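Asks: Have a look at the structure that comes next, please.
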Amino acid sequence: MLFAVQAGHYIAFALTPLAGLLLLRLFIIQHDCGHGSFFKSKTANTWLGRSIGVLTLTPYDCWRRSHELHHASTGNLDARGFGDVDTLTVREYRAKSRLGRFGYRLYRHPIVLMGIGPAYLFLLRHRLPIGLMKDGWVYWISALATNAAAAGLLIALGLIFGAYVTAIVFLPVLLTAASVGVWLFYVQHQFEDAHWDTRENWSYHESAIGGSSYLHLPAVMNWFTGNIAIHHIHHLVSRIPFYRLPTALKEHPELAEVNRVGPREAVSSMWLALWDEDRRKLISFREAKRLSA
């Protein structure tokens, strides 16, 4: 794409979705490295994950720690805030001020979640170990080393192809991968029958299955997304490598109907925003308003 655009062949931009999906697949490999499931060697997992992190602009050690916390607390109402989409209960939302409710509604709008959010996350938030700043120098080193390596790569490409060409090729590809990735992550945990509990009633295994979906995708999309849509099994046993998840599903066919989400449900789930403690399901702002009337 860089060579083609530099030569004036802007048809190369038609490859942006493909390049974005390939970058997303690299992120899934990085993800498996973080779980120690891509290689048997911990060292190989660590350094491949760190290397891919330069391309995905994701500091590997920071992300791995945040993702560990996400797996350890999925569906726990008392342990929200690490590696997840901020979700309020109906009571928490109603207790907020008018400005607070407006801010939350803005944050949960699909345009913000799928557009502005991914750009902020990968271009700005990952540049510092936000959430881990007090947890040790390893996270600062991870973030700053990733920044330095990515900057070096982009500067080198800029010197070869020009800064403008590099930017107009790199940014759309990155943002395509980021938006699709965030959408996947959203649907994997934000669906109508998702499972949430307070700490005293929370169970890791129940939440792994109940709090994660099985997003039914076409085979070609499963390849690009590293089968991560089989998310309930991934959360139950995160050491299963992504290329073995279809086999695990095939060997346990009863799980194929658990929290199964199709294309229509995946789209409609974008409007779910509040956990209804009484009905034990995610609901929309409109539904919450109707219930309070």
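Asks: Where in region 258-292 does the amide nitrogen come within less than 18 Å of the point 7 Å from the Cα of residue 201, taken along Cα to Cβ?
Replies: Output list for this probe position: 274-283.
Asks: Hey, can you rank 209-217, 68-76 by average C-beta count inside 10 Å, highest first?
Replies: Listed from highest to lowest mean packing, they are 209-217, 68-76.
Asks: From the mean inverse distance of alpha carbon pairs (Kirkwood) and the Cα radius of gyration, derive Rg over Rh for region 34-141.
Replies: On the Cα set of region 34-141, Rg over Rh gives 1.03.
Asks: Still on this structure: Would you list which lysines come within 28 Å of residue 289, measuring only between C-alpha atoms, while excluding same-chain residues fewer than 8 positions from it?
Replies: Hits, sequence-local ones excluded: 96, 281.
Asks: Name the residue, out of 240, 116, 11, whose mean-square fluctuation peaks in a Gaussian network model built on the chain with Cα pairs under 10 Å.
Replies: In this elastic network of the chain, the residue with the biggest mean-square fluctuation among 240, 116, 11 is 11.
Asks: Would you mind checking region 81-105 for residues with the amide N under 14 Å from a putative spin-label position 7 Å along Cα→C-beta of residue 288?
Replies: 86-105
Asks: Within region 49-161, what whole-number % of the accessible surface is contributed by carbon and sulfur, with the 1.4 Å probe and all protein chains included in the calculation?
Replies: Carbon and sulfur together cover 68 percent of it.
Asks: Can you list the residues of region 53-95 with backbone N under 16 Å from a point 7 Å past the Cα of residue 160, pointing along Cα to Cβ?
Replies: 55
Asks: Could you give the semi-axes, largest first, of the ellipsoid that matches region 1-91, computed as the square roots of 5 times the alpha carbon gyration tensor eigenvalues and rounded to whole Å?
Replies: Equivalent-ellipsoid dimensions as semi-axes: 32, 21, 9 Å.
Asks: Among 195, 159, 266, whose Cα sits farthest toward the positive end of the charge dipole of region 134-267 (+1 at Cβ of Lys/Arg, -1 at Cβ of Asp/Glu, about the Cα centre)?
Replies: So the residue furthest toward the plus end is 159.
Asks: Let me ask you something else. So if I take the alpha carbon set of the chain, get Rg, then get Rh from the Kirkwood formula, what is the Rg over Rh ratio?
Replies: Radius of gyration over Kirkwood radius for the chain works out to 0.98.
Asks: Let me ask you something else. Using only Cα atoms, locate the centre of region 188-248 and the centre of region 58-129, then give the distance between them in Å, rounded to an integer.
Replies: Distance between centres, Cα-based: 19 Å.
Asks: Accessible area per residue for region 154-293 in Å², computed with a 1.4 Å probe and the full protein assembly in place, what is it?
Replies: So region 154-293 comes to 51 Å² accessible per residue, rounded to a whole number.
Asks: Placing unit charges on C-beta atoms (Lys and Arg positive, Asp and Glu negative, everything else neutral), compute the dipole magnitude of region 201-293 about its Cα centre in debye, rounded to 20.
Replies: It comes to approximately 220 debye.
Asks: Please work out the FRET efficiency for the pair residue 149 and residue 248, using the Cβ-Cβ distance as r and a Förster radius of 51 Å; give the result to the nearest 0.05.
Replies: Given R0 = 51 Å and the Cβ-Cβ separation, E is 0.90.
Asks: Okay, moving on. Rounded to a whole number, what % of the accessible area of region 162-293 do carbon and sulfur atoms account for, probe 1.4 Å?
Replies: About 60 percent, which is the carbon plus sulfur part of the accessible surface.
Asks: Have a look at 4, 56, 116 and report the one farthest towards the positive end of the charge dipole of region 1-116, computed about the Cα centre with Cβ charges (Lys/Arg +1, Asp/Glu -1).
Replies: Working it through, the farthest residue towards the positive pole turns out to be 116.
Asks: Sticking with this one: So if I place +1 on the C-beta of Lys and Arg and -1 on the C-beta of Asp and Glu, and nothing else carries charge, what would the dipole magnitude of the chain be about its Cα centre? I want it in debye, nearest 20.
Replies: Taking the Cα centre of the chain as origin, the dipole is about 580 debye.
The values are calculated or read from the model by the stated rules, or taken from the named source; none is laboratory data. Small disclaimer: the values here were computed from a predicted structure and weren't measured. Reconstructed Cβ throughout: ideal geometry from the backbone, glycine too, with neighbour counts over all protein chains shown. With ligands, DNA and RNA removed, areas are computed over all heavy atoms of the protein, side chains included. Shrake-Rupley method; radii C 1.70, N 1.55, O 1.52, S 1.80 Å.
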